[in-house]
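The values are calculated or read from the model by the stated rules, or taken from the named source; none is laboratory data. Bear in mind that the values here come from a model prediction, so they are computed numbers and not experimental data. As a convention, Cβ positions derive from the backbone with ideal geometry for all residues, glycine included, and neighbour counts pool all protein chains shown. The protein model used for the area step is the full one, side chains on, heavy atoms only, and it has no ligands, DNA or RNA in it. Shrake-Rupley method; radii C 1.70, N 1.55, O 1.52, S 1.80 Å.
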Amino acid sequence: MKILDKYLLKTFLGTFATVFVILFFVFILQTVWLFIAELAGKDLDFVMVIKFLAFSMPRIIPLVLPLSILLASIMSFGNLSEHYEFAAMKSSGISLQRAMRSLTISIAILSIIAFLFANNVIPYAEFRFINFRKNIAQAKPALAITEGQFSDVGLYNIKVNKKTGENGNHLTGITIHEKSKNGDGSKTVIRAKDGELISSNKRSILQLVLNDGYYYQDIVPKKYEDRDKLPFAKSSFKKYCINIDLSDLNKVDTKDESVSNTNNMLNVSDLRYTLDSLTKNRNTDIVSFTENSATRLGNLTDNKAKAPQKNKPLVKDLLSLFNNKQKAEILSTASSNAESNLYSIDATKTELDAKKKNINIHLSSLYDKFVIVYACFLMFFIGAPLGAIIRKGGLGLPIVFAVLIFISFHFINTFGKRIAQEDGMTPFFGSWMSSMILTPLAVLLTYRATNDIGLINIDVILTPIQKVFQNFFQKIIPSQNK
């Protein structure tokens with residue numbers, strides 16, 4: 001390896017490492033902010049918080065890595081141009097492509113590592129992260145309830161004045177609002193002097209045993225005029241048990257790892273196997289619905305009816321052959337069958353659309369593992385020539401360009417995947433749309449940096465305008481002289 005390659009590698013990798021650490025720390029803070037409600041005020045020990053953050057860190061890499069490469073390449077090549085080191089290289093016959101050769105090889109190695117990381121480490125970390133959050137209320141049920149404020153636990157809002165005991169299972173001063181199934185507010189209130197939380201790692205049920213309390217329930221009269229009286233029922237109890245389903249709480253137990261079927265937990269081979277199963281299942285449902293619809297329509301016909309005679313003309317108004325009672329029965333049956341078929345079609349369409357969306361999500365996850373590889377190359381071939389053109393290093397102008405380019409990349413990528421999930425475009429195009437749009441920019445910047453054209457050629461814009469004004473004044477001046 002030549003001295004120049006070593007120097008460029010040392011400059012780029014040093015800048016890349018610094019930028020990566022800073023950006024990684026910033027995104028970790030963002031993760032803490034997103035999950036602050038699950039971490040704060042729930043008596044989590046330091047080890048559990050560290051595990052929580054450690055399992056969430058790998059998912060940040062696909063965001064941090066391309067941005068770090070982009071910013072590091074702009075800063076490195078901008079610094080070299082600012083100090084006229086590129087001018088010295090070009091005077092010695094070394095082109096921009098030759099200077100980028102060793103760095104391109106290092107980016108290729110980094111891209112392979114990124115793919116292996118996205119294919120193996122991220123699915124495992126996502127698996128541990130989801131399961132770690134899922135059963136926290138089972139491992140330590142008191143974590144689901146915070147002192148002095150209402151905590152949303154399943155179908156209940158629970159407030160306790162004080163928690164005691166080794167795991168905070170003993171509660172004092174309990175107020176519970178049960179959510180209405182109709183979504184019209186809380187109509188049931190339970191108050192108790194004290195109680196105890198009982199849970200088991202083998203089941204997703206949290207049992208709350210209440211002692212010495214009252215049960216209040218609003219009653220909605222059937223007559224509208226009686227509703228202004230606001231009647232309610234009240235009863236007292238010595239002991240009352242409430243079973244709370246924790247299966248939808250999305251919290252953590254560090255040992256139970258029952259969730260293993262989300263698309264982010266699968267590698268390339270698992271995704272392909274899952275996609276094959278999902279596609280076959282959807283196609284089977286389509287064929288089954290088609291056959292059932294044909295059978296249902298066939299059963300509606302009267303198989304016992306006699307076949308019409310060949311020479312006898314068909315009656316234009318079939319209902320005229322029946323009396324009024326039979327007409328009513330026929331029309332009622334036809335209307336009922338039509339409504340039933342429409343309902344069946346709508347329900348099947350909704351189910352098939354949901355399955356199609358699930359397939360699209362898995363396809364997007366599959367393509368994302370390859371998009372990150374190309375994104376590393378793309379950001380390098382945008383950042384390196386851009387840095388050589390703007391001739392600015394440091395953390396000023398490079399950060400502005402890097403943030404604008406990366407926000408555009410991330411926005412287009414998110415927009416494309418959202419549309420692809422709703423089947424507005426193919427998942428392949430949705431996942432690769434941002435790369436396709438920014439690739440011409442990388443080619444343009446590389447071409448302009450290689451030929452020392454600059455970022456924007458002002459003459460291309462000003463020359464046509466200048467010619468227009470010249471022609472305009474040339475026509476006006478001779479006419480005034482006459």
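Miscellaneous remarks
- Rounded if a/c under 1.5, otherwise prolate or oblate - segment 1-129, Cα gyration tensor axes: prolate
- ³J(HN,Hα) computed for each position of segment 422-434 - Karplus, 6.51 cos²θ - 1.76 cosθ + 1.60, integer Hz, glycine/proline x: 8, 6, x, 8, 5, x, 4, 5, x, 6, 9, 4, 4
- Extended-chain gain in nm, criterion 0.36 nm per residue less alpha-carbon gap, Asp5 and Arg191: 59.6 nm
- Interchain or long-range residues, amide H under 5 Å from Met425's placed H: Ala420
- Remark: the Glu339-Thr279 segment gains 18.7 nm on full extension, using 0.36 nm per residue and subtracting the alpha carbon distance.
- Three-way shape call for segment 318-361 based on the alpha-carbon gyration tensor, with the a/c threshold at 1.5: prolate
- Packing-based order for 109-120, 20-31, 354-365, using average beta carbon neighbours within 10 Å, highest first: 354-365, 109-120, 20-31
- Pairs from Lys349/Lys369; Lys2/Lys392; Lys325/Lys349; Lys162/Lys238 whose Cα-Cα separation, in the structure shown, is over 28 Å: Lys349/Lys369; Lys325/Lys349
- Were the residues from Ile407 through Val268 laid out at 0.36 nm apart, the gain over their Cα-Cα distance would be 47.3 nm.
- Approximate spin-label separation Ser106-Ala354, in nm, with each point projected 7 Å along Cα-to-Cβ: 5.1 nm
- Between Ser320 and Asp346, the modelled labels are 3.6 nm apart [label points 7 Å from Cα along Cα→Cβ].
- Distance in nm between pseudo-label sites at Val443 and Thr172 (7 Å out along the Cβ direction from Cα): 7.4 nm
- The amide H of Ser151, built 1.01 Å from its N in the peptide plane, has Thr146, Ile158, Lys159 as neighbours under 5 Å, considering only residues 5 or more places off or on other chains.
- Taking Lys163, Lys349, Lys327 and ordering them by how much accessible surface each has at a 1.4 Å probe, largest first, produces Lys349, Lys327, Lys163.
- Placing Tyr215, Tyr84, Tyr7 in order of accessible area, with the largest value first and a 1.4 Å probe, yields Tyr84, Tyr7, Tyr215.
- Here r is the Cβ-Cβ distance between Ile113 and Glu82 and R0 is 25 Å; the resulting FRET efficiency, rounded to 0.05, is 0.25.
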